[in-house]
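Notes follow the structure.
The values are calculated or read from the model by the stated rules, or taken from the named source; none is laboratory data. Computed from a predicted model, the values in this text were never measured in an experiment. Ligands, DNA and RNA are excluded from the accessible area calculation, which covers all protein heavy atoms including side chains. Shrake-Rupley method; radii C 1.70, N 1.55, O 1.52, S 1.80 Å.
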Amino acid sequence: MYLDFINLTTVSAALTIIGAVGIIALAKPLDKVIMFALLQGGFIGMIVAAKYLDVAMAAAIFDPISTVILLIAIIKINEVRKKNQESQEEGNLA
Amino acid sequence: MDIIILGQQLMGYIPLGDIVLYLAPVNLFMFASALAFTTLIAISRTETQVEAGVGTLKDQEVKVDKDEFKIRRFLAIVCGLATAGAMITGDLFNFTLFVCLIGIVNIGIVAAVKQIDVLDAAFQYGLVAMIAILPLFGGAAMILASTGTISLLEIAHIPTTFMMIFGSLLLFLGVAGETGVAPFYATKAEMFRTPGSPFLLIIHLSSLLVIIRVIEILLIINKPF
Amino acid sequence: MANILLNVLIAFLVGSVLFGLQRKIMARIQMRPGPPIIQHLLHTLKFFIKESTFPKTAAMPFYIAITAMLSVIWVAAIIVGPVTQGSLLLIFAIYAIHKIVEHNAGSSSGSPYGKLSCVRAVFSAAAEVPLFAVLIIIYFKAGTMNIAQIISYQAANGPLIYSIPLAAAMFFVLILSKAPYSPFAITKGKDIISGYETEHFGLLRGYLMMSESTAWYMLLWVFLTVFIGGLSPLWYLVGMLALSTIVGFINATTPILNPNHSIMTQVSFALIGIVGSLVLLLY
Amino acid sequence: MSRIGRFWNSLATPKKIPRFYSVILGVLLLVGFIMPLALNDQQLYPRPTPQLQIDENDPLAPYDRGGVPLKEPGIVKSQYPQFSEKSGMVTSYLSPIAIGVSNTTIYYGTSIYSSPGGLIDEILYYSRGFDTILESTILMMAFVVATWVALHFTMKRREEE
Amino acid sequence: MSASVLVPTVVSPIVVSLYVPAIFTGLIVGLIGLMAIAYQKDDLNALILTDIVGMGMLILVAAVGTDLAEALILPGLVVELAEILAISEILMSREMRKKGETAELIPLPTSMDMEVMTTAPTFLAIILIVYGAFLSGFTGGAVAGGGILFYIISRRMRGVPSDTWEGIAGVSGIAWCLWLVGFLVFFVFPQYWLLALFLAAFGVFIKVAFKAGLIGVIGREEFNKK
Amino acid sequence: MNETIYLLYILSFVLGSLLGLVLSYRKYKAPYAIGKIDIMALVLAVVGWFLVLNSILITFIPTYITITIGIFLLSMVLGMRPGYGRNETFIGIIVAGIIWIIRTVIL
Amino acid sequence: MLNIYIWFYTGVVLAILGSIGTAIGPGVKDPLVRALNTEIAAVGVSLIFLTYNHTIALVTYIAATTIITMILLRAIVRLEEVGAEL
């Protein structure tokens, strides 16, 4: 009878909360992006449970977009930081 | 609709669906003066600031260059119109939107300048303006929740509850932040150090007129009797 | 129409003479002979026959229009106040526009002194705006914004100055901040020459000074009307003389404050006044 | 006294203002927790219980407010019905595509009602149209400001060098 | 479907019972954001935190739970977006002026050979734009704008001619006017409400979509003045 | 109507001070006069203050005319150049005040 | 009906958790981490919208969040590039 509680809504709720905790707890940005996918997955699940499929579709399309934007930013920022560090070391050497 | 607001007979109203603009003497006066100043701004050129040069005996002229002049004049006119609108609107939410428009345009007017200090002040003012949208819309929403309407003409008949007082306090703080009045004035006064007096006028004009208007609105919402 | 003209003339003359009186009183307190009482009026008139010049750096139509604007708004204040006894809120709106004009008269010339005065005007507006709370307190007490109704309320229930003394004190601070040489007069402090008027010469200066006198008269008139009630013209005159004398005493004996301090003092006054008045009202 | 003076001076630094403002606002928000808060249930434009329409398999859920497109107005409870003559018509309107979609599936109500016509459009464009003017003007002004700054400074580096 | 199911006379009891928790959530979220800003020394972090404060506002408005509340969320959302856009630009401009223009020219990662970047953008952008056009209005504008933005940002092609830029900005200005006309038609000629509706819906759609798209162009940082 | 009369008073005050100022600059060259009393000014002051405070006593002229004249006269003394006309004004006020007190007490 | 409560309270938890995470979470000194953490609160707010059936607002919000994220990340990257000390 406890199995009754396992439906789309509760599973998605669990997913989102795991995702949220994961995003906060993991320090590395790339790990965060992975957990972010989990969070988004749970969120879309909930919208589906509410039977608004068009909203779920929009959310599903925007999900990868935000992920890609996040990835671009993370790659870029790592590059910038590496370069800054190098130039700083060069400065130290000089 | 024969309504008396704060002891003033309405001189007329402009219905735009649920949003009704009303014209009472005070509102009309402030509306007219906002428009008058806006016209003045539209036809004026800017002043040239003369400052003592460092290390020489010569004076240094600080001018507003042409690009900057155009954009700032445009924003100033928009700000003037928004102020004029905020004076006569009879709808709480409409008012908050006018105030937001004033806030963002004010930031824009000073953001076009080159001095770092002024830009810094503009940014800090922008931060306050952004924070202020919480009390601004939150207050309006709270008044909506407790009265079921956001038309000032209707709220004028509804007895005050604690929630309305709280909402109106939030609203007031929101307007204070969005237009930068005491004691959040420092950011604003810094912005006035840049040349371009006619455009700066509108910043000050909007904030003072909006404060008067928000006092009127607070009195409409909170009825002491 | 004639009535308006009459009141404007009275306001201008009385305001000028009161300013003169105030200077005289300050001078006497400071052991100087001081100028004749009529001096301020003569100054004002003198500017109308002086040559007008315009700075090359000024923001043009604006620089001139701003003086006209100042005159217009105070004439409007007289129409709202003594002539038609309209809404108090309107007078405060006019006061707000006065602040704006003051600020922009300063900045439109391009002079650094005017600019400083302008920055200070913005500062001080921040301090004077809380004093608008007086309005709210009056409304809470009298239940109306209409000057005529406030007068009749006072005729029935006694002057408001007894029931809301703190509001009266706050309003007095507002009046004080508009008086020349007052501790709060940072926009016209002598460290920035004549503040916003520095670069207005001749006719324009004349208009500015004329409007200032009118403004002073109107502020006193509002104070007397709102807190003491409808008086006969003679008693208005006596009240205005008394207020000007008190202001003169204060101005003669206090230094001008640093801008930040001036504002925060006023804000503190306002805070104490608002909280105190509300407590009194609820109590 | 001098400490007060210094405090007053510190309030004049722009950088402190947002912090100061947020502290004041925070204190005011704290007051909200002890206020008696309750939703007045007599609201304008009330909507059915959440999920009610979708559970009844209404193809237009959750925005179905009745009415026949172009013929009969939908049900709206606006503030001043006397000022909007065609009140309810926009609510009931469905564009031809929307009608097609609604006949196909029951899960696309949101899309149907955010294409031209529908309740939100009625509120946003008709009864509270002025709000939308401001809203999009705000967006436009923010955009004007941002692009001006961007074009004149943050992006235009190559030519200047 | 009875009329009471379609539109009840009062707000449903569930919404009323959820009001207090929702308001408290809004207040708590706002409070956390505000306190964090109060302790924050860093301007950029303060800017990010104002986003949280804005969310508090959205919750407060949403909690009313009527159609009107939903219509009021949209302006709030737009205001938040607009202000973040303007203020972040000012912050950047300030810092760059302070530092004296030492920034790199290329904003995107130099080595960005991800598979998604070559295949996904066109597809996603087309879906979003078509869907956005179907939705129309603000919602549609935001959706389609997001699509355009994503497309522009992930394309390799660099350099937007100044004319194109001004052209797009001009179109969105015209769309705005279109939409004002629509608004006027609603009240001046109520019998043409359908025309007004379409003017309004598509005017706003075009405007918002292009504006969002242009944000993407700013994001590409490259601007070639020809 | 009431206000017109007050305007009249104010105008006469202004004109009187103006005249007094001009005349006193003509008459006195030294910046100060300590202890000296100008008989002419004394007469003006006494008459002026008398007329203003006790206008009722002169029954054959409307009061506003007497007050206007009185204000004109007293303001001539009051408006003299700095350092002059002070003592005269005080004496005038005292004399007129005594008469006023006597009048109110007796009548 | 239970579903509504689950959505609502999950939304509440996410919004509060997200804002706490944004305010004082581990490593939030890095603006990138902070900006990422705001996404949690955004999802929380979305769920609250879903509870009240504000679906059109929800769609708009999802799109707007993406745009806001992009604006914020752009600012972060740009400032990092300039080497700004705020």
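Worth pointing out:
- Spatially proximal lysines relative to D:LYS71 (Cα-Cα < 21 Å; intrachain offsets below 8 disregarded): D:LYS86
- Normalised by 2.2 N^0.38 Å, where N is the number of residues, the C-alpha radius of gyration of segment B:4-221 stands at 1.11.
- Within a straight-line Cα-Cα reach of under 23 Å, F:LYS27 can be paired with the following lysines, leaving aside sequence neighbours fewer than 8 residues apart in one chain: C:LYS24, C:LYS46, F:LYS36.
- Chain C, accessible surface, carbon-and-sulfur percent (1.4 angstrom probe): 72
- Solvent-accessible area buried by pairing D with E, both sides, nearest 100 square angstrom, 1.4 angstrom probe: 8200
- Interface size B-C, as summed buried accessible area [1.4 Å probe, Å², nearest 100]: 4000
- Take the convex hull of the alpha carbons in segment D:5-120; its mean projected area over all directions comes to 13.1 nm².
- Mean Cα-pair separation over length for segment E:1-103, i.e. relative contact order, pairs under 8 Å, 6 or more apart, %: 25
- Hz values of 3J(HN,Hα) by residue in segment E:198-206 - Karplus curve (6.51, -1.76, 1.60), Gly and Pro given as x: 5, 4, 4, 4, 7, x, 5, 4, 4
- Over 24 Å [Cα-Cα, segment C:1-155], rounded percent: 53
- Loss of accessible area when D meets B, both sides summed, Å² nearest 100, probe 1.4 Å: 4500
- Secondary-structure-derived ellipticity at 222 nm for the protein assembly as shown, considering helices only, amounts to -24000 deg cm²/dmol, per-run term -39500 (n - 2.57) for DSSP H runs with n ≥ 4.
- Under 26 Å from the Cα of B:LYS63 - lysines, other chains or at least 8 residues apart: B:LYS114, B:LYS188, C:LYS56, C:LYS99, C:LYS115, C:LYS188, D:LYS156, E:LYS98, E:LYS99, E:LYS225
- Each part reduced to its alpha carbon centroid, segment E:34-73 and segment C:265-283 end up 32 Å apart.
- Prolate/oblate/rounded label for chain A (Cα gyration tensor, a/c 1.5): oblate
- Whole-Hz ³J(HN,Hα) from phi, Karplus 6.51 cos²θ - 1.76 cosθ + 1.60, for segment D:95-108, glycine and proline x: 6, x, 4, 4, 4, x, 5, 5, 6, 8, 9, 9, 10, 10
- Volume per residue of the C-alpha convex hull in the protein assembly as shown, rounded to whole Å³: 196
- Across segment A:2-93, the mean sequence separation of Cα contacts (distance under 8 Å, 6 or more residues apart), normalised by length, yields a relative contact order of 26 percent.
- Pairs of Cα atoms farther than 17 Å apart, segment F:5-78, %: 46
- Considering every alpha-carbon pair of chain C, the percent of pairs per 10 Å bin, from zero through the bin containing the longest distance, is 7, 28, 37, 22, 5, 0.
- Going by accessible surface with a 1.4 Å probe and the largest first, F:ARG81, B:ARG73 read B:ARG73, F:ARG81.
- Between amide H atoms placed 1.01 Å from N, distances below 5 Å from B:TYR22 occur with B:ILE14, B:GLY90, all of them 5 or more places distant or on a separate chain.
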